[in-house]
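One structure is given below, encoded as structure tokens.
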Amino acid sequence: MEKENMSYGNDYKYIPATSIGSGAEHQIAAHLYYQTTQIVNVCYLSDPEKNEWVLVDAGMPKSADHILSFAEEHFGSNRPPRAIILTHGHFDHVGAVIELVNHWDVPVYAHPLEMPFLTGEQNYPEPDSTVEGGLIAKMSPLFPNESINLGNHVHELPKDGTVPEMNGWRWVHTPGHTPGHVSLFREEDRSLIVGDAFVTVKQDSLYNVLTQELEINGPPRYLTTDWEAAWDSVRKLEALKPALAITGHGSPISGNVLSNSLQQLVSDFENIAIPDYGKYVHKKKH
């Protein structure tokens, strides 16, 4: 099959926002690594038995060199991933995906409901700068929201919940932040790759984003359009009883701090996560 050309939206651009955690590279569980590119985390899953690995999410715009450098250092210059898995298609999670696909020639996988945003068919709703929150929320109109087009390089995740090329992991549909948002879970050690279903930094606050002050919170407010679904997704993830979580934004969290914080987030989601006002906010008791 002939491969289609890929393209970013017309509003694709570098965003000059960087946290003190940018450049961090850590192994946080068996065969699970993460790297921070500016203000977002990308994850690397390896399968030592097969000597293979996959990439989860693709960072900020213009971050391809950082991701390629990490991959070559840890997996070798001639060992591309078997696949790229996307938790969702927001600009800060697909920012380098075209460069990476061109370099590695590997397939990309996402939830069926995320496909229109990854094949040039539908733009995301515009970020809500009116939402309750800090300076990042006010800056959000600068963020790209147009769809990218990965053509026939992108495929739907398997309906059985398995993660392509990575045994032991399964994907969990966690909508709210976007319609096709997914998180990844490994039952063996209860490791959770959250994406943006919840985060561990107050993402609308410039100070918190820059300093990465640990604070479990709901999904980024200025890009979340369905708060009822987001609440249900957090409940679904809390029910998994994860022992470790790496979120799309912020530091990893584990143990009692994670379990207690998640329980608190579920029980008080309306006050902790849902903004008091904003064009996508329709508050009601759960």
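Scanning the stretch 162-177 for residues that are closer than 18 Å to ARG235 by Cβ and part of a loop (DSSP other than H, G, I, E, B) turns up THR174, PRO175, GLY176, HIS177.
Name the strands (runs of 3 or more DSSP E) wholly inside the stretch 31-96 in which the number of residues that are under 10 Å from the mean Cα position of the chain (by Cα), touching a residue at least 60 places away in the same chain (Cβ under 8 Å) and under 27 Å from PRO144 (Cα atoms) is 3 or more. Step through it out loud before you land on a result.
Working: elements: 32-37, 40-47, 52-56.
The qualifying strands (runs of 3 or more DSSP E) are 40-47.
Could you count how many residues in the stretch 125-143 are buried (at least 17 other Cβ atoms within 10 Å of the Cβ) and part of a helix (DSSP H, G or I)? Count: 3.
Scanning the stretch 166-180 for residues that are touching a strand residue (DSSP E or B) at 6+ places or on another chain (Cβ under 8 Å) and more than 16 Å from VAL42 (Cβ to Cβ) returns ASN167, GLY168, ARG170, TRP171, VAL172, HIS173, THR174, HIS177, GLY180. Taken together, the residues in the stretch 233-264 that are buried (at least 20 other Cβ atoms within 10 Å of the Cβ) and under 16 Å from PRO175 (Cβ atoms) amount to 4.
Filtered by the rule that a residue be surrounded by fewer than 18 Cβ atoms within 10 Å (Cβ to Cβ), of a type in the set (S, T, N, Q) and farther than 22 Å from PRO141 by Cβ, the stretch 99-124 gives a lone residue, ASN102. Suppose the filter is surrounded by fewer than 23 Cβ atoms within 10 Å (Cβ to Cβ), under 25 Å from PRO125 (Cα atoms) and either touching a Ser or Thr at 6+ places or on another chain (Cβ under 6 Å) or at pLDDT below 95 (or both); does SER205 pass it? Against the criterion (surrounded by fewer than 23 Cβ atoms within 10 Å (Cβ to Cβ), under 25 Å from PRO125 (Cα atoms) and either touching a Ser or Thr at 6+ places or on another chain (Cβ under 6 Å) or at pLDDT below 95 (or both)), SER205 qualifies. Please verify whether ASP11 is on the phi < 0 side of the Ramachandran plot and not in a loop (DSSP other than H, G, I, E, B), treating the condition exactly as stated. Criteria not met by ASP11.
The values are calculated or read from the model by the stated rules, or taken from the named source; none is laboratory data. Note that the structure is predicted; figures quoted are calculated from it, not measured. Quick reminder, even Gly has a Cβ in these numbers, built from the backbone with ideal geometry, and neighbours come from all protein chains shown.
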